[in-house]
1. For residues that are of a type in the set (D, E, K, R) and farther than 13 Å from Arg34 by Cα, scanning just region 258-307, find the one that is least open to solvent (accessible area, probe 1.4 Å).
2. Tell me, yes or no, whether region 16-30 has at least one residue that is at pLDDT 95 or above, in a loop (DSSP other than H, G, I, E, B) and surrounded by fewer than 21 Cβ atoms within 10 Å (Cβ to Cβ).
3. Kindly list, by first and then second residue, each pair from a residue in region 538-559 that is in contact (Cβ under 8 Å) with a residue 60 or more places away in the chain to a residue that is open to solvent by less than 50 Å² (accessible area, probe 1.4 Å) and among the aromatic types (Phe, Trp, Tyr), limited to pairs with Cβ atoms under 8 Å and residues at least 6 apart or on different chains.
4. Filter region 138-156 down to residues that are in contact with a Gly (Cβ under 8 Å, 6 or more places away or on another chain) and not β-branched (Val, Ile, Thr) and give me whichever is most open to solvent (accessible area, probe 1.4 Å).
5. If you take the residues in region 270-297 that are among the acidic types (Asp, Glu) and assigned to a loop (DSSP other than H, G, I, E, B), which one is nearest to the chain's Cα centre (by Cα)?
6. Report, by residue number, each residue of region 97-111 that is under 36 Å from the mean Cα position of the chain (by Cα) and either outside any strand (DSSP E or B) or closer than 15 Å to Asp82 by Cα (or both).
7. Please go through region 109-137 and give me each residue that is hydrophobic (A, V, I, L, M, F, W, C), crowded, with 19+ Cβ neighbours inside 10 Å and farther than 24 Å from Met38 by Cβ, ordered by number.
8. Looking only at region 223-240, filter to residues that are of a type in the set (S, T, N, Q) and open to solvent by 30 Å² or more (accessible area, probe 1.4 Å); which one of those is farthest from Thr277 (Cα to Cα)?
Amino acid sequence: MSALKGPSAVQQFGSPPSGAMAAVDTIPVGPGPRSIAMRPDGLRAYVTNSGADTLSVIDTAAGTTATISVGAGPWDVTITPDGQFVYVTEPGSGTVRIVGTATDTLIGTVGGLTAPRGLAVTPDGARLYVANSGANKVSVISTATSTVTGTINVGNSPESIAIRPDGLRAYVTNSADGTVSVINTLSNTVAATVTGFNVPQGVAVTPDGAQAYVANSGAHTVSVISTATNTVTDTITVATSPVHLTVSPDGTLVYATTTGAGSVTVINSSSNNVTETRPGFVEPHEVATTPDGNYVYVVDHGDNTVSIQRRPASISPNRGTRGGGTAVTIKGRGFLGTTTVLFGIRQAKSFAVVSDTTLTAITPSAIRSSVPITVTASGGTAIIGHYFYRRLPNVNQISSSTGSMSGGNVLTLTGSRFIGVKYVWFGTVMAGATVLSDTELTVTVPPSALAHTVPVYVVNPGGVSNSLSYTYVGAPTITSISPTSGPRTGSRVVNINGTLLSQVNSVIFGGIPALSFKVMSAVKVQAVTPARATAGPVAVVVTTSIGATATSPVPYTYT
């Protein structure tokens, strides 16, 4: 049976389950299937059979299979962007096998690797990156010469590799030490190491390159990495033992196979929430999609099959403010002839049918927090999914409006609608929030390279809050004092000149507080000397409100 053509492969609009994944076909493959890669034209899918020495080739139009002999225990598989070559890792023999897709025959071997597992090819097809799980290294292979041209040290037991669409970064999961190595592919060096994972396995990058998703097989979660900051920005709870990840071609959905639960979890990438968990698999492994994203191929490792599923519906973004006005893209089937799009009981402000599988809409305002999206078209009426209305958070007060450039101090923010807030932004820098209640949270201030004032705001699923100001105060300096001497009886006015003096809250002469002082500007403080019993030089020290101090380069001398 064909997955890509024929009326039986098309779910009619409005037929159940309207928004869920639905099985189309099951194709037998070899023993212990593990990895799958789809040719860019969508006409062939290649599956490694780890329990044999073969690669199954699925004709996606006819739904039939052929077999290619490669080598014992094939593990991971990938295809060059031009679709001409298939690469297969074999951990036992320490090799990468090369298959030519023109004839679907084995045409080459690259040896000298150490238990190679995950692999990925660069967008230009020039290089292949291979994770040597037994050597804590990534090998770089030239696809032109089929030789190893470089080796990069990474973390312990590297498993999977994903390359950003621009080709500038590669992300490697290191399962034994709970890290992800970020490789600069221009220099082939590790640019960053992201920590905090739990037996990370699969990794996938969104088509826009903004996020990398990592499967934590030891924690039943999927972590989200910002590729701009190389920090974990979100954590998504899924079923038992997530191992493999795939992002849909349009970037709206993330598929996570959970081998322990025998299910596939569908994540909406706009909100990073789980929209569906489909059970019924026997230890599912990797997932591939057709180029148009309409079909999903799931390798069912424990059943020696590949299950073909229809893509579930998606709504992106699937949440916004209660005032409405958010532009939403809805993916599904049967949208031709659409006459009505409802958010709950309210009609969309406007909508446009892009194709049979895509429509766009502008959300109306709403009072309820969650509403179904119902589409009526020529084929009937169906609920496509749900849209979540959220009110914006509000920040009323910050426990301190100043701090040192080194950061590290803990602030308390009070306001409203803090549930769902994960980060506090200091200008363009984000810091993790600890939400104590819907009206209170704490945050550790990040460092700043500059002494300046930045807006502080939070984001919840409803959007961005108002902002308050926070000022990074640099360490003060004293460049001179005038006069430099005076009588032991004190009461002499001394000008203290320097930089960053606006936050001075203490002036000391030889351990004795000034009788009084006044901050004239950021570069000048006037202080009145205290009396002193003995003559001689003393240090002049100022202290700011954040505890930073500065000492005059010349002493003040009592005469």
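The values are calculated or read from the model by the stated rules, or taken from the named source; none is laboratory data. Owing to the predicted nature of the structure, the values given are computational and were not obtained by experimental measurement. With ideal geometry, Cβ positions are generated from the backbone for all residues, glycine too; neighbour counts draw on all protein chains shown. Please note that ligands, DNA and RNA were not included when accessible areas were found on the heavy atoms of the full protein model with its side chains. Shrake-Rupley method; radii C 1.70, N 1.55, O 1.52, S 1.80 Å.
1. So the first thing to find is which residues in region 258-307 are of a type in the set (D, E, K, R), and the list is 276, 278, 283, 286, 292, 300, 303.
Now restrict to residues that are farther than 13 Å from Arg34 by Cα: 276, 278, 292.
On the way: Glu276: 30, Arg278: 59, Asp292: 97 Å².
Ranking the candidates gives Glu276 first.
2. yes
3. Filtered contacts from region 538-559: Val540/Phe509; Val540/Tyr556; Tyr556/Phe509.
4. Here is the first cut: in region 138-156, the residues in contact with a Gly (Cβ under 8 Å, 6 or more places away or on another chain) are 139-140, 143, 146, 148.
Remaining after also requiring not β-branched (Val, Ile, Thr): 139, 146.
Numbers: Ser139: 8, Ser146: 43 Å².
My answer is Ser146.
5. So in region 270-297, the residues among the acidic types (Asp, Glu) come out as 276, 283, 286, 292.
From what's left, assigned to a loop (DSSP other than H, G, I, E, B): 283, 292.
Working: Glu283: 26, Asp292: 24 Å.
This residue is Asp292.
6. Of region 97-111, the ones under 36 Å from the mean Cα position of the chain (by Cα) are 97-101, 109-111.
Ile98, Val99, Gly100, Thr101, Gly111 - these are the residues of region 97-111 that are under 36 Å from the mean Cα position of the chain (by Cα) and either outside any strand (DSSP E or B) or closer than 15 Å to Asp82 by Cα (or both).
7. Across region 109-137, the qualifying residue is only Leu113.
8. In the first step, residues of region 223-240 are kept if they are of a type in the set (S, T, N, Q); the result is 223, 226-227, 229-231, 233, 235, 237, 240.
Now narrow it down to the ones that are open to solvent by 30 Å² or more (accessible area, probe 1.4 Å): 229-231, 235, 237, 240.
On the way: Thr229: 30, Asn230: 28, Thr231: 27, Thr235: 17, Thr237: 12, Thr240: 12 Å.
So the residue we want is Thr229.
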